[in-house]
Structure formats: structure tokens, C-alpha cells
Amino acid sequence: MLSIDTAIIVLAGVALFAAFVNGAIGYGFSSLTVPLALVFYTNRILNPAVIVIEVFLNLYVLFINRTGVPSVWKRVFPILVGLLPGIAVGAVVLASLQPGWVKLGTYTVILPLILIQAAGWRRPVRSTWLIGLPFGTALGILYSVTTISGPPLALMLNNQGFVREDFRASLAIIRIAESTLTGIAYAFLGLYSLQTGSLLLFIAPSVLIGVPLGAFLIRRLAAETFRRVCMSFDAWIVGFGFSRTLMELGVLGDPGAYLVLATAASIDLVLLYQFFAKRRRGELVFEGIAPATH
């Protein structure tokens, strides 16, 4: 087992990479940071620190995409309304359940969403109250328990046919709402602690360096390829964390638990091969997640 000092160093390094990705594609900080950090910390300790960072990150993303807000806010309003009860329920779940099972639930939900997104799944969805309200509630529960919402949000918004600017503006509106409301819910339930502050001291500098670096360098990289490689990295991290948690809870032993990692890695490798094969044939279409142009 790694010492606390080593765990902090690993967390700061992962936060730096995750902030770089967030600066490049507009989301991904919690999706990359949380799965690996959960190897060392519980959701109850980690989430409040991540939420504080996410509020400022999402304000930044909203600011640079502010010109697209007037044209999309009505389309995402049902999701925003649905967030309210979902966040309330999720925050109570986080404060009440045994941390190990919250970890397992996090990995169980996130892994298939990452793989579905990696597969490029497409099904046109209209933004209506019938769809947006329950989706927002489910998203609120997921985010307040895990601080992760990027994979399901990307799936939802991509399948609504948003153009690049509308996609980023919609993403910014929803994520600033969910992070702010979740932060308030955590404060109400007394989830902030001295450990939150100590984690912030190491995460914040990584974010301050990583976000502008990602926004700058993505202009020189193929955005879609970069996004897909980051997604692959995320799938492997989640698979590893999933396997470790199964062993910690005594659900499966070693090496049986690592079948989850092996399965996730195998699926991802197949999807990654298909992605690059399509890219060579020129069959890829833009998926909405694009680098910042500000």
C-alpha cells in the first residue's frame, strides 16, 4: 500500500494530466482524476475537493463559450430542472452509504458509459421535457455521488446533433449548474473537512498549470484523436480501479478480479483499432467535443 505522501504525489500528477485534458476538450477533469484517486481515497473525502476545483473550471469553460449560451439554454433547461432532485438524492447517498460500495457503484456506472462513448454510439435524441427531465435527475445523482458526468453528457449532447459551439456552450451551462448545486449540497451535509483543504493544496496548482497548457497545445494536435486516446486511458484506469475495489470488498479475489480490467482493456483495444481504421479511411465524423478557440 502506498504511503499518504506518495498518494498525494500521484494525485497531483493525475490532476495535472486531467486538467490538461479539460483545457483541451472542455471536460474530463473529474472523469480522469476520480477513478485513479479512488484507489487511495474514498468518495466522501475526495469528492468535496474535486467539486471546489470543478466549480472554477466550469466557470472558465462557461466564460469562454458565453456567446453560445443564448441559443442553447432553452434546450438544456429541462436537464437543469432535473438536476435539482437528483443532486439532493445523490448527496444524501454519498453521506450515508459505506464508502467501499460507493466506489464500486462509481466504477460500475462509469465503465460502460466510457466504452459506449468510445464505440461512437449514435441515436438521435430530441431535447424535450420527457427526455431531459429524467436524464437530468439521473445525471444529478451520478454527479453528486461520483463528481463524474462527462461520459453521459457527451453521449446525450452528441446525439442531439449540436454543432461545435452549441455543444460546448450546453456542456458549460449544465456543468456549472451541477457543480455549484452539488457544492452547496455538500456544505449543507457537512462533507467538507480539513482533508478537503489538504487535497486542494496539491490539486489546485496542477489545475492552474494544466488547463491553459491543454488549451494552447490542442491547437497543434488532432482534437478527435487526442480525445479518443484520453478516453482509452480513462477506460483502463476505471477497469483497474474496478478490479481493486472488488478485491477490497471481498467480492472477488486475485487474480479473478483483474478479469474486469482485462475485459475492459480488450474491448477498448478493439474499439481503438476500429477508430484508427476509420480514420485512415476518412470515415470519422465530428463528435462535438472540440478544443477551445479562445
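The values are calculated or read from the model by the stated rules, or taken from the named source; none is laboratory data. Given the structure is predicted, the values throughout are model-derived calculations rather than measurements. All Cβ positions, even for glycine, are placed from backbone atoms using ideal geometry, and neighbour counts span all protein chains on display. For accessibility, only protein heavy atoms count, side chains too; no ligands or nucleic acids. Shrake-Rupley method; radii C 1.70, N 1.55, O 1.52, S 1.80 Å.
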Within segment 23-54, take every residue that is under 14 Å from the mean Cα position of the chain (by Cα) and not in a helix (DSSP H, G or I) and give me the one that is nearest to THR245 (Cα to Cα). LEU38
With the requirement that a residue be within 25 Å of VAL39 (Cβ to Cβ) and touching a helix residue (DSSP H, G or I) at 6+ places or on another chain (Cβ under 6 Å), what does segment 59-99 give you? GLY90, ALA91, VAL93, LEU94, PRO99
Taking into account only those residues within segment 88-114 that are touching a residue at least 24 places away in the same chain (Cβ under 8 Å) and closer than 17 Å to MET156 by Cβ, which is surrounded by the fewest Cβ atoms within 10 Å (Cβ to Cβ)? VAL109
Sole residue being in contact with a Gly (Cβ under 6 Å, 6 or more places away or on another chain) and within 28 Å of LEU104 (Cβ to Cβ), chosen from VAL207, VAL145, VAL211: VAL145
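Looking at VAL93, VAL102, can you tell me which residue is at pLDDT below 80, in a helix (DSSP H, G or I) and hydrophobic (A, V, I, L, M, F, W, C)?
On the way: VAL93 fails: at pLDDT below 80.
Only one candidate passes the filter, namely VAL102.
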Residues (closer than 21 Å to PRO152 by Cβ and open to solvent by less than 10 Å² (accessible area, probe 1.4 Å)) located in segment 235-262: ALA235, VAL238, GLY239, GLY241, THR245
Any hit, segment 152-160, residues being in a loop (DSSP other than H, G, I, E, B), open to solvent by 10 Å² or more (accessible area, probe 1.4 Å) and under 23 Å from ARG66 (Cβ atoms): yes
Answer yes or no as to whether SER170 is open to solvent by less than 10 Å² (accessible area, probe 1.4 Å), modelled with pLDDT of 75 or more, within 12 Å of the chain's Cα centre (by Cα) and small (Gly, Ala, Ser). no
Taking segment 65-87 as the search range and keeping residues that are open to solvent by less than 20 Å² (accessible area, probe 1.4 Å) and β-branched (Val, Ile, Thr), which one is farthest from SER243 (Cα to Cα)? VAL72
Could you check segment 197-234 and list, in sequence order, the residues that are in a helix (DSSP H, G or I), at pLDDT below 75 and surrounded by fewer than 16 Cβ atoms within 10 Å (Cβ to Cβ)? ARG219, ARG220, THR225
